[in-house]
Every structure is written in C-alpha cells, then in structure tokens.
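What follows is a set of notes on a single structure, which appears directly below.
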Amino acid sequence: MATRTASSLSASSTVEDYLERILELINSKGYARVVDIANSLKISQASVTNMVQRLDADGLLKYEKYRGLVLTTAGETLARNITDRHHLLSDFLTLLGVEEQVIHHDVEGMEHHISPETLRAIQALTETLQRQPVLLAKIKKLSHAH
Ligand code: ZN
C-alpha cells in the first residue's frame, strides 16, 4: 500500500516471523526459549530478547527471563494466521511442482504481503487444480519447459 512505509512493513514482517517461529517451537517442543528462537531465526540472543520484550509490551506474549515465554490469545491468533498463510502458499507451489528450496524461500516472503482476498483466490485455485490432474500436468509441463 502506498501509504505504508518500508519500515512499518518490515517491522510487521519481523513480528510475523517471530510469532510463526514461536508457535512452531511451542508445537514441536512444548516451549519456546530465547535461545531456541535465536537459533531458529539465525540471529543473536540479544536481538531476540529485545524483540521479545517489544512483543510482550504489545500484548502478544508473556516473557519471563528464566521461564521462557507464552503467546497471549492475540499473539496466538496472529501466529496461527501467518502459519495458515504459510501452509496454503506452500501447498499451492508444491502442487505446481516448484522445487522445495524455492518454495521455502518464496513463501517466507509472500506470506507477509499477501492479502486475504488473493489468498482466498489461491486457495480456490489450489482446490480446483487438485481435482484437475490433466490440467495440472499441462501447467507443470509448460512451467518446466524452459
Ligand atoms: Zn512462514
């Protein structure tokens, strides 16, 4: 959007990346610690601590230095939303036969910028293509032809 500045856009992508990773850690390990988030996002623990304190101040999580952190209802809603977008886009590109590494790279960018409207269109397209193997094969053949 034209009125949105680059910094506010990247800030919200960062918040979404954190929440996505935190939910992933909680789902797989039962908890998320600063050290785990730092390893997962490949950034310093100091940066993670700063960001986690900001997310705490924004009411998206509760942070206790020695006990790790938990997502608030608002934080969990945002985290589930970004995770759903990630899976939907990932399923779509997988269906089209895009390489796994490319999917990962593209989805991590796309998921932050896509509107609900476009996402619904992609979801409808994915569901339709899943029922049209002949058309799907044709699309895959054309997109891998060069
Ligand atoms: Zn993602």
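Any read-out appearing in this document is the output of simple, stated calculations on the displayed coordinates, not a laboratory observation. Here the structure is a predicted model, which is why all the values come from computation and not from measurement. Glycine gets a Cβ as well: all are built from the backbone with ideal geometry, and neighbour counts include every protein chain shown.
Looking only at segment 128-146, how many residues end up being in a helix (DSSP H, G or I), of a type outside the set (A, V, I, L, M) and exposed (fewer than 13 other Cβ atoms within 10 Å of the Cβ)? Step through it out loud before you land on a result.
Going residue by residue through segment 128-146, those that are in a helix (DSSP H, G or I) are 128-130, 133-143.
Next, only the ones that are of a type outside the set (A, V, I, L, M) stay: 128, 130, 133, 138, 140-141, 143.
Checking the rest, the ones that are also exposed (fewer than 13 other Cβ atoms within 10 Å of the Cβ) come to 128, 130, 133, 138, 141, 143.
So the answer is 6.
Would you confirm whether any residue within segment 50-73 is in a helix (DSSP H, G or I), touching a strand residue (DSSP E or B) at 6+ places or on another chain (Cβ under 9 Å) and among the β-branched types (Val, Ile, Thr)?
To start, the set of residues in segment 50-73 that are in a helix (DSSP H, G or I) comprises 50-57, 73.
Subsequent filtering for residues that are touching a strand residue (DSSP E or B) at 6+ places or on another chain (Cβ under 9 Å) retains 52-53, 55-56.
With among the β-branched types (Val, Ile, Thr) added as a condition, the list becomes 52.
Within segment 50-73, one or more residues are in a helix (DSSP H, G or I), touching a strand residue (DSSP E or B) at 6+ places or on another chain (Cβ under 9 Å) and among the β-branched types (Val, Ile, Thr).
Would you please name the residue that is surrounded by the most Cβ atoms within 10 Å (Cβ to Cβ), looking only at residues in segment 70-108 that are among the charged types (D, E, K, R) and within 16 Å of LEU25 (Cα to Cα)? Don't jump to the end; show me each part of the working.
Within segment 70-108, the subset among the charged types (D, E, K, R) is 76, 80, 84-85, 91, 99-100, 106, 108.
Next, only the ones that are within 16 Å of LEU25 (Cα to Cα) stay: 76, 80, 84.
Working: GLU76: 17, ARG80: 14, ASP84: 13.
Filtering segment 70-108 for residues that are among the charged types (D, E, K, R) and within 16 Å of LEU25 (Cα to Cα), the one surrounded by the most Cβ atoms within 10 Å (Cβ to Cβ) comes out as GLU76.
Could you count how many residues in segment 74-111 are part of a helix (DSSP H, G or I) and more than 14 Å from the chain's Cα centre (by Cα)? I'd like the intermediate steps shown before the answer.
Step one: filter segment 74-111 for residues part of a helix (DSSP H, G or I), giving 74-95, 100-111.
Within this subset, residues satisfying the condition of being more than 14 Å from the chain's Cα centre (by Cα) are 74, 92-95, 100-102.
Total meeting the criteria: 8.
Residue pairs, Cβ under 9 Å, 6 or more apart or interchain, first in segment 65-93 and in contact (Cβ under 8 Å) with a residue 60 or more places away in the chain, second of a type in the set (Ser, Thr, Tyr) and within 12 Å of the ligand (Cβ to nearest atom). List them.
Close Cβ pairs satisfying both conditions: ALA79/TYR18.
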